[in-house]
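Novice: The structure under discussion is supplied below as structure tokens; questions concerning it will follow.
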Amino acid sequence: MKTTHLHLLRSGCRLAGLSMLTAAAAAQAQVPAAAPEGVLNLSAQATVEAPQDWMTLVLSATFGRFDSEPVIKLWGGYRLSDTLSVELASSQVQGVYAGTSLWHVALLTEPWFKQRLSPFFGVGIGRFHNVPNKSLIDAHTTDANLGMVTLGVKYHLSERFVARLDYELTTAFLSDEKTSDYGAYSAGLSFFF
């Protein structure tokens, strides 16, 4: 009787040990489908703790092309919610025949804001100011309202630094019957605080 009891005890330990190993291996193999609240998912398998006031304010500088001319854009933004933010941007274009200053206020949506690679879309309004070179004949300064649409992607380098690539279509409303469209692409870095 003691032998049978000991044999059953050993069998039970082996089965219990096997099931514990199986449960431990299964737990290690599982990857959470979504990051918990307040966690920035920086890769498919790793997450990084984000600060409590996660990315409320942002400052950025981008460089690119406005049609065929170089453009520098500085902007600041404020996150209204997890997926919605507002930005105020100022751009300077120094062309061969004219210099152009632009500013706009835009509303952006970023559906997957906690992912390392995150697309965004935005619309906005602002002002367009074009000053032609004085050497041009019959050249006039142009001041106009503008509307803009932007589409881009953000790549989170760390919790606070983001690389940004975007394309922006700007329409300057020169008069009631005349508009002028400009395409611009830019790339730059953003800092969140």
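The values are calculated or read from the model by the stated rules, or taken from the named source; none is laboratory data. Predicted model, so just to flag it, every value in this text is computed and none were measured. Note: ideal-geometry Cβ built from the backbone for every residue, glycine included; neighbour counts use all protein chains shown. Accessible surface is based on the protein model in full, side chains and every heavy atom, while ligands, DNA and RNA are left aside. Shrake-Rupley method; radii C 1.70, N 1.55, O 1.52, S 1.80 Å.
Novice: Would you point out which residue out of 134, 154 is more than 16 Å from residue 67 (Cα to Cα), buried (at least 19 other Cβ atoms within 10 Å of the Cβ) and of a type in the set (D, E, K, R)?
Specialist: On inspection, the qualifying residue turns out to be 154.
Novice: Next up: Go through (1) touching a residue at least 60 places away in the same chain (Cβ under 8 Å); (2) open to solvent by 90 Å² or more (accessible area, probe 1.4 Å); (3) farther than 18 Å from residue 60 by Cβ for residue 193 and report which single condition fails.
Specialist: Going through (1) touching a residue at least 60 places away in the same chain (Cβ under 8 Å); (2) open to solvent by 90 Å² or more (accessible area, probe 1.4 Å); (3) farther than 18 Å from residue 60 by Cβ one by one, residue 193 breaks only (3).
For every residue, the table says whether it meets (1) touching a residue at least 24 places away in the same chain (Cβ under 8 Å); (2) open to solvent by 20 Å² or more (accessible area, probe 1.4 Å); (3) out of contact with any helix residue (DSSP H, G or I) (no Cβ under 8 Å at 6 or more places or on another chain); (4) not acidic (Asp, Glu).
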{"position": "65", "(1), (2), (3), (4)": "yes, yes, yes, yes"}
{"position": "70", "(1), (2), (3), (4)": "yes, yes, yes, yes"}
{"position": "84", "(1), (2), (3), (4)": "yes, yes, yes, yes"}
{"position": "92", "(1), (2), (3), (4)": "no, yes, yes, yes"}
{"position": "96", "(1), (2), (3), (4)": "yes, yes, yes, yes"}
{"position": "106", "(1), (2), (3), (4)": "yes, no, yes, yes"}
{"position": "109", "(1), (2), (3), (4)": "yes, yes, yes, yes"}
{"position": "117", "(1), (2), (3), (4)": "yes, yes, yes, yes"}
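Novice: I'd like the full set of residues that are closer than 20 Å to residue 121 by Cα, open to solvent by 80 Å² or more (accessible area, probe 1.4 Å) and either among the small types (Gly, Ala, Ser) or touching a Leu at 6+ places or on another chain (Cβ under 8 Å) (or both), limited to segment 158-184.
Specialist: Hits for segment 158-184 are 161, 167, 181.
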